[in-house]
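The values are calculated or read from the model by the stated rules, or taken from the named source; none is laboratory data. Note that the structure is predicted; figures quoted are calculated from it, not measured. Here the Cβ positions follow ideal geometry from the backbone for every residue, glycine too, while neighbour counts run over all protein chains shown.
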Amino acid sequence: QQQVKQSPQSLIVQKGGISIINCAYENTAFDYFPWYQQFPGKGPALLIAIRPDVSEKKEGRFTISFNKSAKQFSLHIMDSQPGDSATYFCAASGGSARQLTFGSGTQLTVLP
Amino acid sequence: ETGVTQTPRHLVMGMTNKKSLKCEQHLGHNAMYWYKQSAKKPLELMFVYNFKEQTENNSVPSRFSPECPNSSHLFLHLHTLQPEDSALYLCASSQERGLPLHFGNGTRLTVT
């Protein structure tokens, strides 16, 4: 009930391409869905977050798409750059689950 | 700087040693957290402190002992660890119990 399933585990994209990472959740009480970006040797940093009252949120090249009925949300990175190479974690919280439940991460490599 | 500082960055310890991890946050937050990060696994929440009081202990073995003397400092005391405890230990803080989380850069722990 508390799980957040993330895919793919790893992703390789050419520079300028679109990177897409997907997450699915089970707990219908979840109402906050952030994405974190982690570079090697660093802690995760909040990248972008969405609440279920909207279906999409865009910040620069990063977009979250949210499908409440399917209980899925995804991160799209447009015009991917080598500097975007990092590990990305989705997460969710809400209802009685005050703490974030994290996905297992996606290691993104953007080739120059 | 992330606003959350962790020391040491790296630690190698034997199974019979006693060591402590330190975390300090400069963000004026009231909640602090310890997470364990292992390869290809979701971040695992270990402990939560809110206004210096421990509010969550996610079935963490007693060989891990947290201490929160004030809202800015958090320690994780380690003793008689096992090799499977080798991981990246992340400290985080938030304005209140919940979101969003600000992470430190972690302590890479190796138990030999």
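Picking from residues in segment A:31-49 that are within 10 Å of chain B (Cβ to nearest Cβ) and under 9 Å from the mean Cα position of the chain (by Cα), the one that is surrounded by the most Cβ atoms within 10 Å (Cβ to Cβ) is A:36.
Residue A:87 meets each of the listed conditions (1) in contact with a Gly (Cβ under 6 Å, 6 or more places away or on another chain); (2) more than 11 Å from chain B (Cβ to nearest Cβ) apart from (2). The number of residues in segment B:1-44 that are part of a strand (DSSP E or B) and within 16 Å of residue B:75 (Cα to Cα) comes to 20.
Here's a check for you: in segment A:75-86, which residue that is touching a residue at least 40 places away in the same chain (Cβ under 8 Å) and surrounded by fewer than 18 Cβ atoms within 10 Å (Cβ to Cβ) is nearest to residue A:21 (Cα to Cα)? Taking the candidates together, the pick is A:76. Residues of segment A:50-63 that are surrounded by 18 or more Cβ atoms within 10 Å (Cβ to Cβ) and within 14 Å of chain B (Cβ to nearest Cβ): A:50 alone.
Filtered by the rule that a residue be over 18 Å from residue A:36 (Cβ atoms) and within 14 Å of chain A (Cβ to nearest Cβ), segment B:86-96 gives a lone residue, B:96.
Within segment B:1-51, being crowded, with 20+ Cβ neighbours inside 10 Å and among the hydroxyl-bearing types (Ser, Thr, Tyr) holds for B:33, B:35, B:49. Summed over segment A:70-111, the residues that are out of contact with any strand residue (DSSP E or B) (no Cβ under 9 Å at 6 or more places or on another chain) and either of a type in the set (Val, Ile, Thr) or over 19 Å from residue A:32 (Cβ atoms) (or both) give a count of 1. Among the residues of segment A:1-46, which ones are in a strand (DSSP E or B) and over 13 Å from residue A:105 (Cβ atoms)? Correct list: A:12, A:13, A:14, A:19, A:20, A:24, A:25, A:32, A:33, A:34, A:45, A:46. Residue check: residue A:99 meets all listed conditions (1) among the polar types (S, T, N, Q); (2) assigned to a loop (DSSP other than H, G, I, E, B); (3) over 15 Å from the mean Cα position of the chain (by Cα) but one, namely (2). The residues on offer are B:61, B:100, B:83, and the sole one that is facing another protein chain (nearest Cβ under 10 Å) and over 21 Å from residue B:7 (Cβ atoms) is B:100.
Go through (1) surrounded by fewer than 16 Cβ atoms within 10 Å (Cβ to Cβ); (2) away from chain B (no Cβ under 12 Å) one by one and return the number of the condition residue A:10 breaks. If we test residue A:10 against (1) surrounded by fewer than 16 Cβ atoms within 10 Å (Cβ to Cβ); (2) away from chain B (no Cβ under 12 Å), just (2) comes out false. Given the condition acidic (Asp, Glu) and either touching a His at 6+ places or on another chain (Cβ under 6 Å) or at pLDDT below 90 (or both), answer yes or no: does some residue in segment B:45-65 qualify? Yes, segment B:45-65 contains a residue that is acidic (Asp, Glu) and either touching a His at 6+ places or on another chain (Cβ under 6 Å) or at pLDDT below 90 (or both).
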